[in-house]
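To start, the structure under review is shown below, and the notes come after it.
No value in this document is a laboratory result; all are computed from the given coordinates. Source: prediction; values computed, not measured. Note that each Cβ is placed from the backbone with ideal geometry, even for glycine, and that neighbours are counted across all protein chains shown.
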Amino acid sequence: MGALESLREVCLALPEVTERLSHGEPTWFVRGRKTFVMYADHHHDDRLGFWCAAPPGVQEEMTGAEPDRFFRPPYVGHRGWLGVYLDVPVDWDEVRAVVREAYRVVAPKSLADRVQG
């Protein structure tokens, strides 16, 4: 399974998540409205990855600790979003945890409470 298919599987496993294109890339929404993950297929550079919502401080922590795996994405990085490279060896358990946290940041409390971090 490719990176997009694996990411799609992780995102769509969460409650009330839908997918549609946004800015030409697959994007996942909670209840069809709030974006929590955006696929980035060489969208703004020569790298494959995704951008996602993140709790306060996580972007700085992850990009500081592992800049070869995490980055500050354009446009949404100033809001604390985290970029995750998918063109490096990927730990899909870690990606699942990052995506779940992104969901919990964006989802209404009633949905977020249904998902463990």
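Structure values in brief
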| item | result |
| --- | --- |
| Packing-based exposure ordering (other Cβ within 10 Å, fewest first) of Lys34, Lys109 | Lys109, Lys34 |
| Overall Cα dimensions of the stretch 32-117, principal axis frame, Å, largest first | 38, 24, 21 |
| Peptides ranked, highest mean first, by Cβ atoms within 10 Å: ranges 8-15, 61-68 | 8-15, 61-68 |
| Counted charge near Ala54, where neighbours are those whose Cβ lies closer than 15 Å (Asp, Glu -1; Lys, Arg +1) | +2 |
| The chain, helix-only ellipticity at 222 nm - DSSP H runs n ≥ 4, -39,500 (n - 2.57), divided by all residues, nearest 500 | -9000 deg cm²/dmol |
| Ascending count of other beta-carbon atoms within 10 Å, so fewest first, for Tyr75, Tyr85, Tyr103 | Tyr75, Tyr85, Tyr103 |
| Net length gained if the chain between Asp113 and Glu61 were fully extended (0.36 nm per residue, minus Cα distance) | 16.3 nm |
| In Å, descending, principal axis extents of the Cα set of the stretch 1-72 | 32, 27, 24 |
| Theoretical FRET efficiency, 1/(1+(r/R0)^6), r = Cβ-Cβ of His23 and Trp92, R0 41 Å, to 0.05 | 0.95 |
